[in-house]
1. Work out, in µm²/s and without decimals, the Stokes-Einstein translational diffusion coefficient of the stretch 5-71 at 20 °C, 1.002 mPa s, Rh from Kirkwood over C-alpha pairs.
2. Could you order peptides 123-133, 214-224 by the average number of other Cβ atoms within 10 Å of their residues, highest first?
3. For LYS341, go through the lysines and keep the ones whose alpha-carbon is under 22 Å away, minus same-chain ones fewer than eight residues off.
4. Taking the square root of 5 times each eigenvalue of the Cα gyration tensor, what semi-axes in Å does the equivalent ellipsoid of the stretch 285-370 have, largest first?
5. Cα atoms only: what Rg and Dmax, in Å, come out for the stretch 182-225?
6. Rg and Dmax of the chain, Cα atoms, in Å?
7. What does the highest-first list of 342-355, 189-202 look like by mean Cβ count within 10 Å?
8. By a straight-distance test (C-alpha under 21 Å), which lysines pair with LYS280 as possible cross-link partners, with residues fewer than eight away in the same chain excluded?
Amino acid sequence: MPDTTPVILSAGSNIDAERCMPEAVRNLRRHPDIDVLKVSTCIATPSVGGPDDAPDYLNAAMLIMTRLDPESLRDELRKIEDRLGRVRTDDPNEPRTIDLDIVYYGDLVKDFDGWTVPDPHGLTAMYVAVPAAEVAPTWTHPVTGQDLEEVAAGFTMETAVKHSSSIRLSQPYTTRESDFDDVRQVYAPRLESLVRDQLLEIGEDPDREGLQRTPLRVAKAMDYLTSGYTTSLEEVVNDAIFDAEGASEMVVVRDVEYYSMCEHHMLPFFGKATVAYLPKGKIIGLSKIARIVDVYARRLQVQERLTNQVADAMTEILDPHGVGVVMEGKHLCMMMRGVQKQESSMVTSAMRGTFQSDSRTRAEFLELAR
């Protein structure tokens with residue numbers, strides 16, 4: 001993620017907190033301009049200043065990297081709050097589904113319209129300081145010069161914290177059994193609930209031993225398999241384009257493995273891609289071609305569109321003389337169901353520039369692609 005700034009965010013909820021906290025983190029993880037590096041333990045604290053019977057708060061902190069400036073980031077946080085049902089009133093102590101705030105934005109010290117960076121609560125509120133120190137203990141406060149670990153040490157945990165929460169905001173894509181020990185892990189409550197309902201619908205028992213953690217695993221897998229929706233071409237290329245005035249011959253990368261999901265049945269299709277281009281003064285890092293294929297493969301797809309998207313992306317970032325892409329794929333929607341032809345495969349191609357207009361260039365590429 002080029003030109004990014006490290007940021008510490010705080011999160012708090014005391015309405016439907018065990019759903020809203022992980023959903024907020026998941027929304028942040030899926031934002032194209034935000035990379036969530038670390039999430040703290042959840043701690044539970046009493047509501048302060050609200051109604052006497054207000055539920056306890058769950059609190060956590062996140063260390064992120066972002067391209068967004070402070071005001072744009074705050075706007076995106078407000079959109080996530082709105083998405084999760086946050087209702088705003090003039091009462092600053094109102095119970096809330098989710099509260100997302102910027103605590104530190106790099107080493108910035110600045111007053112905005114009604115809010116400040118760094119957030120003063122980073123020094124005065126245990127429920128902000130302690131989680132922040134967990135995700136970035138050596139982060140230096142830009143005003144006091146203290147490490148966040150030192151700031152957190154100034155609070156008496158025994159009297160301030162009621163208890164650590166029984167949930168952990170799960171990291172994405174990890175399913176090792178050790179990740180579940182003694183902790184109820186939560187990742188995407190709404191998606192997990194939908195998977196559980198699916199299991200019930202097909203006549204399964206989601207509470208039996210083999211299926212107890214399946215909704216969590218499926219939620220993580222779906223986020224991974226569709227991560228291309230929140231990955232930008234710019235992020236993948238990451239300035240790995242180089243001047244190469246002497247490079248004028250065809251560059252071909254063969255046998256790039258890809259895995260995708262058919263948008264008609266949400267079943268996998270997979271295979272290999274061959275990508276070629278004729279440079280016009282610029283070349284791209286070899287691994288980036290494979291990453292470009294993944295950006296578009298990790299979405300609900302049809303192979304024809306996927307092939308064209310890879311060709312268009314190569315054309316956009318390199319402006320070469322020409323681009324050629326050939327993809328071969330096996331589709332489980334045809335192999336496992338329907339006509340059940342297990343040995344069938346599909347070949348698609350997309351040509352741009354001289355690969356389309358010059359028959360000799362196209363023939364050379366197709367020969368190399370075999």
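Here, each number is a calculation from the coordinates, and none is a lab measurement. These numbers were taken from a predicted model, which means no experiment stands behind them. As a convention, Cβ positions derive from the backbone with ideal geometry for all residues, glycine included, and neighbour counts pool all protein chains shown.
1. The diffusion coefficient I find is 166 µm²/s.
2. 123-133, 214-224
3. LYS272, LYS330
4. 26, 16, 10
5. 10.3, 30
6. Rg and Dmax of the chain, Cα atoms, are 24.9, 80 Å.
7. Highest-to-lowest ranking by the protection proxy: 342-355, 189-202.
8. LYS288
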